[in-house]
1. Considering only residues that are β-branched (V, I, T) and touching a helix residue (DSSP H, G or I) at 6+ places or on another chain (Cβ under 8 Å), which ones fall in the range 322-379?
2. Output the qualifying pairs, or none if there are none: Cβ atoms under 7 angstrom, residues six or more apart or on different chains, first residue in the range 81-99 and under 15 Å from I115 (Cα atoms), second residue acidic (D, E).
3. Inside the range 286-377, counting only helices (runs of 4 or more DSSP H) that do not spill past its ends, which hold 3 or more residues that are aliphatic (A, V, I, L, M) and over 17 Å from the mean Cα position of the chain (by Cα)?
4. Would you pick out the residues in the range 351-396 that are surrounded by fewer than 21 Cβ atoms within 10 Å (Cβ to Cβ) and among the basic types (K, R)?
5. For Y87, indicate whether it is in the same structural domain as R25 (by TED's automatic domain parsing), buried (at least 24 other Cβ atoms within 10 Å of the Cβ), in contact with an Asp or Glu (Cβ under 6 Å, 6 or more places away or on another chain) and within 24 Å of Y180 (Cα to Cα).
6. Would you point out which residue out of D52, D37 is at pLDDT 95 or above and part of a loop (DSSP other than H, G, I, E, B)?
7. For T423, are the conditions met, namely being assigned to a helix (DSSP H, G or I) and over 27 Å from V467 (Cβ atoms)?
8. With the condition kept exactly as written, say whether any residue in the range 391-399 is at pLDDT 95 or above, part of a helix (DSSP H, G or I) and not assigned by TED's automatic domain parsing to the domain that holds T171.
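The values are calculated or read from the model by the stated rules, or taken from the named source; none is laboratory data. Treat the numbers as computed from the prediction; the structure is a model and nothing was measured. Backbone-built Cβ (ideal geometry, glycine too); neighbour counts: all protein chains shown.
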Amino acid sequence: MNSEKTTTIPAIRSWLGIPYATAKRFHKPVLLPFNPDLPYDQKGPAPLQAGDTSWLEADNGFSEDCLNLNVWAPEHAGGQPLPVIVYIFGGGFELGSNTQTTSNLSGLAASGRCIGVSLNYRLGPFGWLSLSQYGGELAEASNLGLQDIITALRWVQQNIARFGGDPQNVTVTGHSAGAYCTTALIAARAADGLYHRLAAFSGGASRIVPAWWAEELAITFLTELGIADDPKQLFTLDAKLLAETLIRVSPRDIGDRHGIDNTTIGIVNDHAQIGAVIEDTPLHILESGHRHNVDILFSTATNEADWWVINAIEKFDPGSIGNLVDELVKKSRIPRSHAQRIVAAYDVNGRTPVEVRGALFTDYFFTLPAARAALAHAAAGGNAYLLSVGPAEGAQAVHGTEMYGIVGQVRPGQSNEQATRDTFVRDTLLDFATGNYDRLWNAVTTKPISHGIGNSPYEPTAHAVEVLRTFEGIERT
């Protein structure tokens, strides 16, 4: 195996672009054996995707043939196998790659406490468009991106020992879409035994797409391409055209992506469909206690949805408080009287309508699902931890604020305060993955005990309690 040192101290070894599986378009992945004779000194191709890709540091371009992973290990790991941390990148199931700095786990491996793995999975139509209902050659096309992830975990089980890792001590972690994929593993029987702990950052046991919408989106997609009567043409059409078309026809607003029905792409509740991958929603599985032996960490930021307030204010602005009430009624089927009470709880302190929407959606989309999942897991006999990431100097606590910290990288130009906060996030993940729970805070009980880091605008546990009360009786998937 080829070794590549970095300037990080202690030194690490890296193996980049290892193919873990191969897959034909719209077919399930096929596990590949590891070839120890290749150099693995270059990143593999990033997943083919639409939009601006300049930020992904994809040195070897983009491809449908993207099922590769990277491994980082301390140069001197000692005689005992190390715990393994597997990272799943985010990007709304449409964007991202294991090539970017915020997917580089060399910072975790440099601690000497773990082996780091960062994987690619198929994006957009290739990984998340539900087509199994058409049968035939498309019968396997359900949650293909999640099938990719599960196959990568199978590869880890079979091969990580040769890199110094312990296949019986695997923590899967991810951010945003990667966090939703992480928690979805709970609901996938094929993933049983492939992981031992889960750490979900900015994505809880939620955002599951209903099967009815997945089929409707597929019809819209095929109609836009002019092949509604002949879906088999998908196998011959240009890949970039497919990626760009799905972006064009799928809902773009965060409210659509996180409402009760999650009308966008993502993990489909396909349990009753051909080629099913998950058996129920992750929250229902947690409530059942079937995965009570898996320890879980849920982390959210205090101002998640303010990313859209800051970066997409015109599209995110509801225009009025009344429009925000209407949105909760129509997109989440909340009775108007209840929707009005919820909005009133956030229409305080002189907030503008767009700021109200940001604060409300932060809690409805992130804080609430994390707290509910943690409480459900604890009630079923599981071990769950809640973390709340607040702002630091130069780093607002919006969606993505902790991404450098998760993988142990240094954000360029960071303040000392952010460095302290991100180091805490990194060390929390390492302590969790290595089973050093005495270094953590108290686990969730019948109360959503939450630990705060950064300059939090509230006491995290009290806030979680208040959010649970505000949204009591409101369902989420």
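1. Of the residues in the range 322-379, the ones β-branched (V, I, T) are 325, 329, 334, 342-343, 348, 352, 354, 356, 362, 367.
Of everything in the range 322-379, those that are β-branched (V, I, T) and touching a helix residue (DSSP H, G or I) at 6+ places or on another chain (Cβ under 8 Å) turn out to be V325, V329, I334, I342, V343, V354, V356, T362, T367.
2. Final answer for the pair search is P81/D166; L82/D166; P83/D166; V84/D166.
3. Working: elements: 306-311, 313-316, 321-332, 336-346, 353-362.
In the range 286-377, the matching helices (runs of 4 or more DSSP H) lie at 321-332, 336-346, 353-362.
4. Correct list: R351 only.
5. Numbers: in the same structural domain as R25 (by TED's automatic domain parsing): yes; buried (at least 24 other Cβ atoms within 10 Å of the Cβ): yes; in contact with an Asp or Glu (Cβ under 6 Å, 6 or more places away or on another chain): no; within 24 Å of Y180 (Cα to Cα): yes.
No: the conditions fail for Y87.
6. Numbers: D52 fails: at pLDDT 95 or above.
Only one candidate passes the filter, namely D37.
7. Numbers: assigned to a helix (DSSP H, G or I): yes; over 27 Å from V467 (Cβ atoms): yes.
Yes.
8. Within the range 391-399, not a single residue is at pLDDT 95 or above, part of a helix (DSSP H, G or I) and not assigned by TED's automatic domain parsing to the domain that holds T171.
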